[in-house]
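Colleague: Below are the structure tokens for one structure; questions will follow.
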Amino acid sequence: MSQWQVNQGLQIAIDGPSGSGKGTIAALIGSELALPVLDTGLLYRYVGWRAEEKNVSLDDENAVLSMLDDAIHGMVWKPEGIYLREGNVEKDCTSSLRSENAGARASKVAAMPQVRVALLDVQRDIAKLGCVMDGRDIGTVVLPDAQAKFYLTASQRERARRRWSQLKAKGEDADLDRIAAELRERDERDTGRDCAPLEKAVDAIHIDSTIMTMDDVVERILNVLQRRKLMKGTDE
Ligand code: DC
């Protein structure tokens, strides 16, 4: 049980670029406060992955849009991941969605305005009863009324280094320069697109985690929530 009691329906938005640590932070905050966590990147990853399964080229936007309704209809979000429902069977596809390839594909479908619109209701529906949500446009577009918004960054080199050490820890072959180049490309696409680009919401708190530990970041966020009286200790 959590040692914290949060205000009913509390929505916490955490945005930031790839590798800024927002997924890890969102998961830690969610577990500390016993709130559901939605990693919204997984939804875009799912659409890109589903297109690949259906042999739909991401260069053909109309083809992606034609499979979109079906894809979203078959998508099931659970706090532990994303499932594909086919008939009565639900298949956990989360690990496929975590691949580098799925990330690159996600960034392409995420630049398609109609994909973003289609995923908006899905995200808001999940957030209804309170949640921690991480992504690129949560504070600006998806949950503009979230009670607490954070914009998490770290230098590009540090983000590449984190990704590199994650891959190394998994025993995968990883090249720091290649990862840095891919990250740069992803940043450009995510910040440069016309529709809901990655940007800090005016009322978001900017946290640069380049030289902070994840625990420091969590502590900082919990302090803000307490100060704003969005949560309190169960013994208070
Ligand atoms: O956070 P991630 O790496 O799983 O996200 C994958 C891609 O999806 C990323 O390139 C940007 C996009 N994305 C987005 O545009 N909006 C979101 N709310 C979440 C992710």
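Colleague: Looking only at Gly139, Gly87, Gly41, which one moves most when the chain is put into a Gaussian network model with springs between Cα atoms under 10 Å?
Modeller: Gly87
Colleague: Which pairs, out of Lys54/Lys170; Lys54/Lys200; Lys78/Lys229; Lys91/Lys200; Lys149/Lys232; Lys54/Lys128, put more than 25 Å between their alpha-carbon atoms?
Modeller: From Lys54/Lys170; Lys54/Lys200; Lys78/Lys229; Lys91/Lys200; Lys149/Lys232; Lys54/Lys128, over 25 Å: Lys54/Lys170; Lys54/Lys200; Lys78/Lys229; Lys91/Lys200; Lys54/Lys128.
Colleague: Calculate, for Gln114 and Glu80, the FRET efficiency according to 1/(1 + (r/R0)^6) with r their C-beta to C-beta distance and R0 22 Å; round to the nearest 0.05.
Modeller: Computed FRET efficiency for Gln114 and Glu80: 0.15.
Colleague: Please calculate how many Å² of accessible area region 110-184 carries per residue, with a 1.4 Å probe and no DNA, RNA or ligand atoms counted.
Modeller: Accessible area per residue: 47 Å².
Colleague: Using θ = phi - 60° and the Karplus curve 6.51 cos²θ - 1.76 cosθ + 1.60, what whole-Hz ³J(HN,Hα) does each residue of region 98-108 get, with Gly and Pro shown as x?
Modeller: Per residue, the Karplus-derived 3J(HN,Hα) values read 7, 6, 4, 4, 5, x, 5, 5, 4, 4, 6 Hz.
Colleague: Treating the beta-carbon of each Lys and Arg as +1 and of each Asp and Glu as -1, no other charges, what is the dipole magnitude of the chain about its Cα centre, to the nearest 20 debye?
Modeller: 380
Colleague: Just to be sure I understand: with springs between alpha-carbon atoms less than 10 Å apart, which residue in Val132, Val142, Val117 has the highest mean-square fluctuation in the Gaussian network model of the chain?
Modeller: Taking springs between Cα atoms under 10 Å, the residue moving most is Val117.
Colleague: Who wins for biggest fluctuation among Ile211, Ile126, Ile12 in a Gaussian network model of the chain, springs between alpha carbons below 10 Å?
Modeller: Top of the fluctuation ranking is Ile211.
Colleague: Another question, then. Which percent, to the nearest 5, of DSSP beta bridges fully inside the chain are antiparallel?
Modeller: Around 40 percent antiparallel, to the nearest 5.
Colleague: Using 0.36 nm per residue of separation minus the Cα-Cα distance, give me the extension gain between Gln166 and Glu100 in nm, one decimal.
Modeller: Stretched out fully, the Gln166 to Glu100 stretch lengthens by 22.6 nm.
Colleague: If you filter region 110-160 for trypsin sites (Lys or Arg not before Pro), then keep DSSP loop positions with at most 13 other Cβ within 10 Å, what is left?
Modeller: Lys128
Colleague: Subtract the Cα-Cα distance of Val224 and Asp121 from 0.36 nm times their separation in residues, and report this length gain in nm to one decimal.
Modeller: Stretched fully, the Val224-Asp121 segment lengthens by 34.3 nm.
Colleague: Below 16 Å, Cα to Cα, which aspartates and glutamates can Lys168 reach? Residues fewer than 8 away in the same chain don't count.
Modeller: Result set, ordered by chain and number: Glu100, Glu158, Asp177.
Colleague: Under 19 Å from a point 7 Å along the Cα-to-Cβ line of Gln3: which residues of region 192-236 have their amide N that close?
Modeller: Only 214-236 pass the distance filter.
Colleague: Return the whole-Å distance between the Cα centroid of region 98-150 and the Cα centroid of region 1-31.
Modeller: Value for the Cα centre distance between the two parts: 14 Å.
Colleague: Let me ask another. In terms of the Cα gyration tensor, with a ≥ b ≥ c the square roots of its eigenvalues, is region 1-156 rounded because a/c is under 1.5, prolate because a/b exceeds b/c, or oblate?
Modeller: Prolate shape, in that a/c is at least 1.5 and a/b is the bigger ratio.
Colleague: Give me the dipole magnitude in Debye, nearest 20, for region 79-166 about the Cα centre, with unit charges on the beta carbon: positive for Lys and Arg, negative for Asp and Glu.
Modeller: 500
Colleague: When the accessible area of the chain is split by element with a 1.4 Å probe, what percent falls to carbon and sulfur?
Modeller: On the chain, the fraction of accessible area on carbon and sulfur atoms equals 47 percent.
Colleague: Going by the alpha-carbon gyration tensor, a ≥ b ≥ c the square roots of its eigenvalues, is region 80-143 rounded (a/c under 1.5) or, if a/c is not under 1.5, prolate (a/b greater than b/c) versus oblate?
Modeller: oblate
Colleague: With point charges of +1 on the Cβ of Lys and Arg and -1 on the Cβ of Asp and Glu, referenced to the Cα centre of region 188-236, which listed residue (Leu198, Ile211, Gln226) lies farthest in the positive direction of the dipole?
Modeller: Comparing the listed Cα positions along the dipole, Gln226 ranks first.
Colleague: Apply 1/(1 + (r/R0)^6) to the Cβ-Cβ distance of Asp235 and Asp145, taking R0 = 45 Å, and write down the FRET efficiency to the nearest 0.05.
Modeller: It comes out at approximately 0.90.
Colleague: Applying the Karplus parametrisation 6.51 cos²θ - 1.76 cosθ + 1.60 with θ = phi - 60° to the phi angles of region 51-56, what ³J(HN,Hα) value in whole Hz is obtained for each residue in order, glycine and proline being reported as x?
Modeller: Along region 51-56, the couplings run 4, 5, 4, 8, 6, 9 Hz.
Colleague: Simple spin-label model, 7 Å along Cα-to-Cβ: Val202 to Ser66 in nm?
Modeller: It is 4.3 nm.
The values are calculated or read from the model by the stated rules, or taken from the named source; none is laboratory data. Small disclaimer: the values here were computed from a predicted structure and weren't measured. We place every Cβ from the backbone using ideal geometry, glycine too, and count neighbours over all the protein chains shown. Please note that ligands, DNA and RNA were not included when accessible areas were found on the heavy atoms of the full protein model with its side chains. Shrake-Rupley method; radii C 1.70, N 1.55, O 1.52, S 1.80 Å.
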